[in-house]
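Reviewing the structure listed below.
Taken together, the values in this text are just the output of simple stated rules run on the coordinates, not laboratory data. Not measured: the values here are computed from a predicted model. No Cβ is skipped: glycine too gets one built from the backbone with ideal geometry, and neighbour counts run over all protein chains shown.
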Amino acid sequence: MKFSQFVGLAISFALASRLIAQAPPPSPAAPPNEDADNRIYVCKPDGSEMKPLLDIADYKAQGSPTWSQDGKLIAFDASRPRLGETSNDTKIIVVNADGKGAKVLGDGAMPSFSPGHNRIAYCRYAPNYGVWVMSIEGPEKELVLLDETGWCAEWSPDGKQIAYTASTGEAANLMVFDLVEGIKFPLFEEGKSPYNTIYWNFCWSPDGKSIVFKGVRTSNSKPEIAIVDARGAKHGHVVRLEADTPPIFHWTHDSKSILFSQRTADRGNRPQLHLLDAGSKDPPQILAGQDSTRANMPGAFSPDGKQLLIVSRKPPPGAGKAKAKAKQG
């Protein structure tokens, strides 16, 4: 190589290096929009003055909150979407009612406290599918499989029974496990359930008399909100509302009304909290104090009725309208 060529290459290299050095550094990635995650909030009974229950690292997708009967503890399920986890990877978390002292107990979903809050009934995904009961201190201390075919567990207010969903023959059913006698029985007699689907997150009324749930009729494939007598459907079973709502319910502390969510046309088709009178045919009433710009799902009223847990997120602009248009199409 000639000296002049060598000098030319050296100059070119120096200029290139200088340009690289002067180039602005790449912009950092935009932080994830945590307001778009499903998070648990504490608010007044009318949905107003909401504030996050807690801030727990990574566990940003939260759901199924429930109170202990003494109002001192809250349990919920959560996953870590930033780490690639899905709803099948949820963990059971217990926290003090003030949002402090959070403890991850282990894998599972939809927890329900025993009346003395010493145990938790819950369900687990495969390979440990089924309804389980564990100690409030975690599965290492106590872990019992209740039914490997069941899903979603709800402890009765008196602590003597646990209800869950299961199939009996070709139909869906609600099963009740009697913890005193060690036996289980269906609320709809064998061959008499009118449903091909009964969804998760049903709810036992605080007085122990009724269970509200979402079911899909076998005869016409229509979804409905129904109430069944906790002793069995032969003692009472009514359809309260024919509607395709999210399958998440909770009772007011006096067992008179049901909290649920449904898409609301005049609020951008976002899910909004409503109360449904259990003993009448009155239409549902929207919860007045909730933030109408957010997608709001039921959580649970505190045992004294003075606070409400909700699961809420801020949907992207136009999300509700897009879903409504797709459904109409």
Post the alpha-carbon centroid distance, segment 147-171 to segment 249-315, in whole angstrom.
25
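Too long at a 21 Å Cα-Cα cut-off: which of Lys281/Lys314; Lys184/Lys281; Lys192/Lys222?
Table pairs above 21 Å Cα-Cα are Lys281/Lys314; Lys184/Lys281.
Taking 0.36 nm per residue of sequence separation and subtracting the Cα-Cα distance, how much length would be gained by fully extending the chain between Glu242 and Lys44, in nm to one decimal?
Values: separation 198, 0.36 × 198 = 71.28 nm, distance 2.84 nm.
Once the chain is fully extended between Glu242 and Lys44, it gains 68.4 nm.
Mind checking the full-extension length gain between Lys306 and Val180? Use 0.36 nm per residue of separation minus the Cα-Cα distance, one decimal, nm.
Using 0.36 nm per residue and subtracting the Cα-Cα distance, I get 42.1 nm.
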The ³J(HN,Hα) series, computed from each phi in segment 137-143 with the Karplus coefficients 6.51, -1.76 and 1.60 at θ = phi - 60°, rounded to the nearest Hz and given as x for glycine or proline, is 8, x, x, 5, 7, 7, 8
May I ask which of Lys103/Lys256; Lys44/Lys209; Lys51/Lys103; Lys141/Lys234; Lys44/Lys103 have a Cα-Cα span longer than 31 Å here?
Lys103/Lys256; Lys141/Lys234
Using amide H atoms built in the peptide plane, which far-off residues or other-chain residues are under 5 Å from Asp147 H to H?
Val131
Relative contact order for segment 174-235, counting Cα pairs under 8 Å that sit 6 or more residues apart, in percent:
28
Two-site label geometry, Lys256 and Leu83: point separation in nm, points 7 Å out along Cα→Cβ:
4.5
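Working out 0.36 nm times the residue gap between Gln285 and Thr218, then minus their Cα-Cα distance, what length gain in nm do you get to one decimal? Can you show the working numbers first?
Numbers: separation 67, 0.36 × 67 = 24.12 nm, distance 2.86 nm.
Once the chain is fully extended between Gln285 and Thr218, it gains 21.3 nm.
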Using Cα atoms only, what is the angle between the long axis of helix 3-22 and the major principal axis of the chain, expressed in degrees (0 to 90) to the nearest 10?
30
Where does each of Phe301, Phe76 land when they are ranked from fewest to most other beta-carbon atoms within 10 angstrom?
Phe301, Phe76
Hey, what number do you get for the chain at 222 nm if only DSSP H runs of n ≥ 4 count, each worth -39500 (n - 2.57), divided across all residues, to the nearest 500?
-3000 deg cm²/dmol
In a Gaussian network model over the chain where Cα atoms closer than 10 Å are linked, find which of Gly299, Gly236, Gly182 has the largest mean-square fluctuation.
Gly182
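Charges at C-beta only: +1 for Lys and Arg, -1 for Asp and Glu. How large is the resulting dipole of segment 144-288 about its Cα centre, in Debye rounded to 20?
Working: 15 positive and 18 negative charges, 87 e Å.
Here segment 144-288 has a charge dipole of around 420 debye.
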Starting from the Cα of Lys60, draw a straight line to each of the aspartates and glutamates and keep only those under 15 Å, dropping any in the same chain fewer than 8 residues away.
Glu34, Asp35, Asp37, Asp77, Glu85, Asp89
